[in-house]
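Following: one structure in structure tokens, then a few remarks.
The values are calculated or read from the model by the stated rules, or taken from the named source; none is laboratory data. None of the values given here were measured: they were computed from a predicted structure. Note that each Cβ is placed from the backbone with ideal geometry, even for glycine, and that neighbours are counted across all protein chains shown.
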Amino acid sequence: MKETLQGRKILVTGAAGFIGYHLCEALLAQGAQVVGLDEINDYYDPTLKLARLRQSGIRTDREGHRHQLLPSDRHEGYRFVQMSLNDREALEELFRSEAFSVVINLAGQAGVRYSFENPVSYVQSNVLGFLHLLECCRQWPVEHLLFASSSSVYGRSGQVPYHEAQSTDQPVSLYAATKKSDELMSYVYSSAFGLPITGLRFFTVYGPWGRPDMSPCLFLKAMLEGKPIRVFNNGRMSRDYTYVDDIVDGIVRLIPHTPNKEVPHSIYNIGNAHPVSLMDFISTLESVAGITAQKQMEPMQPGDVYQTFADITRLHDDVGYQPQTELPQGLRHFYQWYVKWHNGDYAV
């Protein structure tokens with residue numbers, strides 16, 4: 001892989017996000033030239049996003065450097081720009097001036113439940129913003145566009161494990177519907193313009209620098225503060241928890257694997273292929289943290305699904321993907337990071 005990425009110019013959108021931060025670090029370690037892009041919005045505390053950037057050597061005050069390409073003081077091959085995908089003119093100028101060989105789109109509005117509260121932001125970010133990116137990749141052709149989809153497109157399907165070929169026509173949240181829209185729009189651009197595109201259906205990603213609105217952070221924060229954790233559907237749920245390093249490994253393996261067929265478009269699950277019940281997840285976190293959680297049992301929430309379970313056969317067969325991190329090990333890494341973050345040990 002290292003030889004393949006050496007010197008390649010790669011745009012990573014959502015670079016200040018959870019997966020984006022880890023992906024940029026992995027690409028830089030393999031010799032790629034990386035431009036990171038992020039809007040740095042207020043969906044969750046921007047302090048965490050700025051801290052991730054600082055870890056990569058990017059020093060920005062969030063508002064003072066919009067549209068400026070900032071160099072990293074840690075990685076010679078890394079530059080960052082604060083920009084929205086909905087700023088079409090600025091995005092077009094970036095593509096015109098940089099001539100990217102690969103684009104990896106991790107930008108977008110995340111969160112299932114919040115999509116019921118602020119649906120407009122999901123369509124603006126996940127649909128319109130992605131359309132602008134597709135247009136840029138068409139006008140200034142790239143070798144490969146990869147983008148984040150989600151396991152949420154499978155809805156409440158009882159057919160497990162989830163396979164890429166099964167129906168995804170019944171999403172149960174607007175977030176899932178926008179990700180399904182991205183898959184459909186990208187297929188059109190592959191079919192009409194021959195643009196090589198790969199969609200990535202991520203399954204419940206966790207690990208250091210994770211989002212504060214996701215269960216690992218929510219649970220551990222409450223546990224450390226002696227507060228109850230909210231356990232939805234009375235704990236009768238399971239998730240295919242996937243450690244962030246395994247997610248990144250899947251993405252990196254797919255970069256040189258350009259779809260080679262009449263319509264150059266592919267979809268892959270990237271998961272752990274080992275679902276864990278919510279109560280087992282909580283008990284593992286309790287063991288790692290040495291704290292017994294107070295549990296507040298609650299009903300199922302709108303947009304939630306009962307289970308996720310990735311069939312990763314296609315990804316394994318095509319690029320040799322095999323997740324390496326079991327839940328106890330991954331949660332230990334997460335816990336060690338979170339305690340330092342909670343104690344203010346990271347500079348912002």
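Looking across region 160-199 at every residue that is touching a Gly at 6+ places or on another chain (Cβ under 7 Å) and aliphatic (A, V, I, L, M), the one that is surrounded by the fewest Cβ atoms within 10 Å (Cβ to Cβ) is identified as 172.
Counting only strands (runs of 3 or more DSSP E) wholly contained in region 137-248, the ones carrying 1 or more residues that are under 25 Å from residue 28 (Cβ atoms) and in contact with a helix residue (DSSP H, G or I) (Cβ under 8 Å, 6 or more places away or on another chain) occupy 144-150, 197-202. With respect to (1) within 13 Å of the chain's Cα centre (by Cα); (2) surrounded by fewer than 23 Cβ atoms within 10 Å (Cβ to Cβ), the lone exception for residue 222 is condition (1).
Of all the listed residues (79, 59), the sole one being closer than 26 Å to residue 342 by Cβ and basic (Lys, Arg) is 59.
A Cβ distance below 7 Å, combined with a sequence gap of six or more or placement on separate chains, defines the contacts here; from region 165-193, residues that are under 20 Å from residue 304 (Cα atoms) reach residues that are buried (at least 21 other Cβ atoms within 10 Å of the Cβ) and aromatic (Phe, Trp, Tyr) in the pairs 168/154; 174/122; 175/122; 178/122.
Within region 121-136, the set of residues being touching a helix residue (DSSP H, G or I) at 6+ places or on another chain (Cβ under 9 Å) and among the polar types (S, T, N, Q) comprises 121, 125, 126. For region 137-154, the set of residues classified as surrounded by fewer than 18 Cβ atoms within 10 Å (Cβ to Cβ) and touching a Ser or Thr at 6+ places or on another chain (Cβ under 7 Å) consists of 143 only. When residue 71 is tested against (1) surrounded by fewer than 19 Cβ atoms within 10 Å (Cβ to Cβ); (2) in contact (Cβ under 8 Å) with a residue 40 or more places away in the chain, exactly one condition is not met: (2).
Looking across region 285-315 at every residue that is among the aliphatic types (A, V, I, L, M) and closer than 22 Å to residue 329 by Cα, the one that is surrounded by the most Cβ atoms within 10 Å (Cβ to Cβ) is identified as 310. Please work out if residue 90 is of a type in the set (A, V, I, L, M, F, W, C), within 26 Å of residue 32 (Cβ to Cβ) and without any contact (Cβ under 8 Å) to a residue 40 or more places away in the chain. Judged against the criteria, residue 90 is a match. Going by the structure shown, is residue 186 among the polar types (S, T, N, Q) and either touching a strand residue (DSSP E or B) at 6+ places or on another chain (Cβ under 6 Å) or within 21 Å of residue 128 (Cβ to Cβ) (or both)? Here the answer is yes, as residue 186 does meet what is asked. Remark: pairs (first residue in region 227-249, within 10 Å of residue 206 (Cα to Cα); second residue in a loop (DSSP other than H, G, I, E, B) and hydrophobic (A, V, I, L, M, F, W, C); Cβ separation under 7 Å; 6+ apart in sequence or on different chains) = 242/203. Quick check on region 114-170: of everything there that is acidic (Asp, Glu) and modelled with pLDDT of 95 or more, which residue is farthest from residue 91 (Cα to Cα)? Of everything passing the filter in region 114-170, 164 is farthest from residue 91 (Cα to Cα). If you check 340, 295 for being among the basic types (Lys, Arg) and under 24 Å from the mean Cα position of the chain (by Cα), only one passes: 340.
Contact map, region 207-223: residues that are at pLDDT below 95 paired with residues that are outside any helix (DSSP H, G or I) and among the charged types (D, E, K, R), Cβ distance under 7 Å, separation 6+ or inter-chain. Pairs shown: 212/45.
Before we move on, is residue 108 outside any helix (DSSP H, G or I), touching a Leu at 6+ places or on another chain (Cβ under 9 Å) and within 14 Å of residue 178 (Cβ to Cβ)? Considered against the rule, which asks whether it is outside any helix (DSSP H, G or I), touching a Leu at 6+ places or on another chain (Cβ under 9 Å) and within 14 Å of residue 178 (Cβ to Cβ), residue 108 comes out as yes. The residue list 160, 172, 142 contains one member that is in contact with a strand residue (DSSP E or B) (Cβ under 8 Å, 6 or more places away or on another chain) and within 28 Å of residue 43 (Cβ to Cβ), which is 142.
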